[in-house]
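J.: Below is the structure I would like to discuss, written out as structure tokens.
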Amino acid sequence: MLRGGMPGSAPIIVLSQNTKRESGHRVQLMNINAAKTIADVIRTSLGPRAMLKMLMDPMGGIVLTNDGNAILREITVKHPAAKSMIEIARTQDEETGDGTTSVIVLAGEIMAEAEQFLDQNIHPTIIIQAYRMALEDMIEWAEKKFSKPVDVKNETQLATVVKSCLATKMLANYMDLAVKIALDAVRTIDVTKHGYHEIDIKRYCRMEKIPGGSIEDSSVVKGVVLNKDIVHPKMRRRIEKPRVILLDCQLEYKKGESQTSIEIMKEEDFSRALEQEEATIRKQCDEIIALKPDLVFTEKGISDLAQHFLVKAGITALRRLKKTDNNRLARVTGARIAHDTTDLTEEDVGTLTDLFEIKKIGDEYFAFVTSEKTTAVTVVIRGPSKDIMNEVERNIQDAVNCVRNVLLNPRVVPGAGALEMALAHALNEKSKSIEGVRQWPYKAVARALEVIPRTLIQNCGGSTIRQLTALRAKHAQNADKNWTWGIDGVTGELNEVKDPDASKSWFSWAKTDMNTLNIWDPLAVRIQVLKTAIETSVMLLRIDDIVSGTKKKDANSEAVMPE
């Protein structure tokens, strides 16, 4: 209820009675607390010593993962600010496929840092301006100062980046296998046509999970794997260099509409109707047989009669494919998807396939359509249980995205909190030259960035204050040279390296250099983390009013008419 009007006059009701309204300072504090709560949920899922989360839904299904996005996707929240925090994990996942946990932890910390300034009655706009300045500076430094180029043709350098990505995941024990899968998959679907560079993971790199076997049995198949068997037992199960036709029409008689009624007077009429059906199907099959294919795939059904004609012509057929699988098959076979058999020409036949084979894996049959020259791949994931296979799928997805990011933007930044620490030091230095109130929120971004190395130390039980002070001092000692120093996420310490020139101070041995630890992240991922975290904080800080009311009438409550 909003009251207004002249003092002493009756209140004017503007909003309806059941509308709740929060405004001003209180809203910003509520949003900050919501952001902190979401960040706390997945803080322990950061780094190589990350904990897993087990989430159960009401139906009893479980999700077992340490992937930030997967965890938050399964959680149901009510608070609007918490919802927008969850949304940024999804954005990060869709844009770069990695860094989902970091972005939430960082956004939560940047929000928390704003609280003290709001308490001092500094206007949110001033805080926002300082945050935006910090973001612009950080992006510039990350791109020009704290990153190094990668030779995309050098497999070893690419493998190093993928290993850094996977070190924090469950697949860390199967590192070489996962790296090989990711590199093979992305190299295959990497296409440059007419000056346009495309790596479309969503459409042309599919994961096929087959229960049974061990994780080591997972592999990359250059082509398409379909969970399908042939429609007739007499059809061939292995064909080398097949001619392939792809259809998205049915090879069965089109039944009339449900309202159609046919009146049959004589017995011959019924036979004629059946003959007509048969003639239609025969015509369709003849149009296919005329092109002498070995393989026919269709998205719709194939009737028994059509199967009979195709078997006689020595053609293997598979039916009821997904549209996405058919598109991938078009990439593999070189065939064009025909919408009607009457339109089929020699150009529509695909001849690029090397081998078609049906294999029985476990209890089910799988059709393998492979080609060496293909630009579509299927990653076959094996594993002892559904939950483990789901987690392996998420990990490989991250690794594949990681390779894509490096190929599209071939620069890397040091991981393990080194980049964040280097940026924090640079922000601290620059804040001294900023005049007015803005320097404090600007400096607060530097403090917020330290949450990444701090969380890495906490997650493996290290001494947070001691190690962080050592690292801060290391970056302050020689900022131009030591920007690759970070935290060893496995031990939670800064590794000891004998340095005869070091001074006798207690942190002189504090050396965990990313050049020796070889932890490098794609630049695209870290920049997206910084952008998303700051932009979200800015958006949430600009909210000063939450009006929550019900617009719809309840079904059981009747509207009261004014008298």
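The values are calculated or read from the model by the stated rules, or taken from the named source; none is laboratory data. Everything numeric in this text was worked out from a predicted model, so none of it was measured. All Cβ positions, glycine included, derive from the backbone under ideal geometry; neighbour counts span all protein chains shown. To get the accessible areas, we keep the full protein, side chains included, count just its heavy atoms, and leave off ligands, DNA and RNA. Shrake-Rupley method; radii C 1.70, N 1.55, O 1.52, S 1.80 Å.
J.: Tell me, what HN-Hα J-couplings in whole Hz come from the Karplus equation 6.51 cos²θ - 1.76 cosθ + 1.60 at θ = phi - 60° for each residue of the stretch 64-78, using x for Gly and Pro?
T.: Coupling constants for the stretch 64-78: 10, 7, 10, 7, x, 5, 5, 5, 5, 5, 8, 8, 9, 10, 9 Hz.
J.: Anything over 32 Å Cα to Cα? Flag those among LYS322/LYS386; LYS202/LYS234; LYS209/LYS283; LYS153/LYS222; LYS20/LYS53; LYS153/LYS228, in the order listed.
T.: Pairs exceeding the cut-off: LYS202/LYS234; LYS209/LYS283; LYS20/LYS53; LYS153/LYS228.
J.: In addition: Restricting to the chain, what percent of DSSP beta bridges are antiparallel, rounded to 5?
T.: 70 percent
J.: Please work out whether the stretch 43-187 counts as rounded, prolate or oblate from its C-alpha gyration tensor, where a ≥ b ≥ c are the square roots of the eigenvalues and a/c under 1.5 means rounded, while otherwise a/b larger than b/c means prolate and anything else oblate?
T.: Working: a/c = 2.66, a/b = 1.24, b/c = 2.14.
Oblate shape, in that a/c is at least 1.5 and b/c is the bigger or equal ratio.
J.: What net charge do the residues around HIS79 carry, taking every other residue with its C-beta under 12 Å from that of HIS79, with Lys and Arg at +1 and Asp and Glu at -1?
T.: Spelling it out: positives minus negatives among the neighbours equals +2.
J.: Can I ask one more? Helix by helix through the chain, keep the DSSP H runs that span 24 Å or more along the axis on Cα and average at least 0.0 on Kyte-Doolittle, and give those back in order.
T.: Taking the DSSP H segments of the chain (at least 24 Å long, mean hydropathy at least 0.0), we get 25-42, 100-119, 124-144, 523-541.
J.: Which value, in debye to the nearest 20, gives the size of the charge dipole of the chain about its Cα centre, when Lys and Arg are +1 and Asp and Glu are -1 at the Cβ?
T.: Around 1080 debye, computed over the chain.
J.: Mind checking which aspartates and glutamates have their C-alpha under 14 Å from LYS430, skipping anything on the same chain fewer than 8 residues away?
T.: By straight Cα distance, LYS430 reaches GLU136, ASP137, GLU140.
J.: Apply the Karplus curve 6.51 cos²θ - 1.76 cosθ + 1.60, θ = phi - 60°, to the phi angles in the stretch 211-228 and return the couplings in whole Hz, x for Gly and Pro.
T.: For the stretch 211-228, the Karplus-derived couplings read x, x, x, 10, 4, 5, 6, 5, 7, 9, 10, 7, x, 10, 10, 10, 7, 9 Hz, x marking Gly and Pro.
J.: Now a separate question. Amide H of LYS300: which non-local residues (sequence gap of 5 or more, or other chain) have their own amide H closer than 5 Å, using H built in the peptide plane?
T.: When sequence neighbours closer than 5 places are left aside, the close amide H contacts are CYS249, ARG320, LEU321.
J.: Please work out the C-alpha center-to-center distance from the stretch 304-321 to the stretch 121-193 and express it in whole Å.
T.: The distance from the Cα centre of the stretch 304-321 to that of the stretch 121-193 comes to 49 Å.
J.: With each pseudo-label sitting 7 Å past Cα toward Cβ, what's the HIS25-THR342 distance in nm, one decimal?
T.: 7.7 nm
J.: Just checking my list [x] -0.72; [y] -0.65; [z] -0.54 against log10 I(q)/I(0) by the Debye sum over Cα atoms at q = 0.08 Å⁻¹ computed from this structure; which label fits?
T.: Recomputing log10 I(q)/I(0) by the Debye sum over Cα atoms at q = 0.08 Å⁻¹ here gives the entry labelled [x].
J.: Take the solvent-accessible surface of the protein heavy atoms, probe 1.4 Å, and return the percent of it on the chain that carbon and sulfur atoms account for.
T.: 51 percent
J.: Any idea of the accessible area per residue across the stretch 112-215, 1.4 Å probe, to the nearest Å²?
T.: 51 Å²
J.: Of the peptides 309-316, 23-30, 128-135, how do they stack up when ordered by the mean number of other Cβ atoms within 10 Å, highest first?
T.: Packing proxy ranking, top to bottom: 128-135, 309-316, 23-30.
J.: Using a basic spin-label model with each label point 7 Å from the Cα along Cα→Cβ, how many nm lie between ASP545 and THR351?
T.: 7.0 nm
J.: I would also like to ask the following. Of VAL27, MET207, ALA89, which is farthest along the charge dipole of the chain in the positive direction, counting Lys and Arg as +1 and Asp and Glu as -1 at C-beta?
T.: The listed residue farthest towards the positive side: VAL27.
J.: Work out how much length ARG466 to ASP151 would gain on full extension: take 0.36 nm times their residue separation and subtract the Cα-Cα distance, in nm to one decimal.
T.: Result: 109.7 nm gained on full extension.
J.: Right, next: Report the label-to-label distance for GLU435 and LYS386 in nanometres (one decimal), using points 7 Å from each Cα along the Cα→Cβ vector.
T.: 6.6 nm
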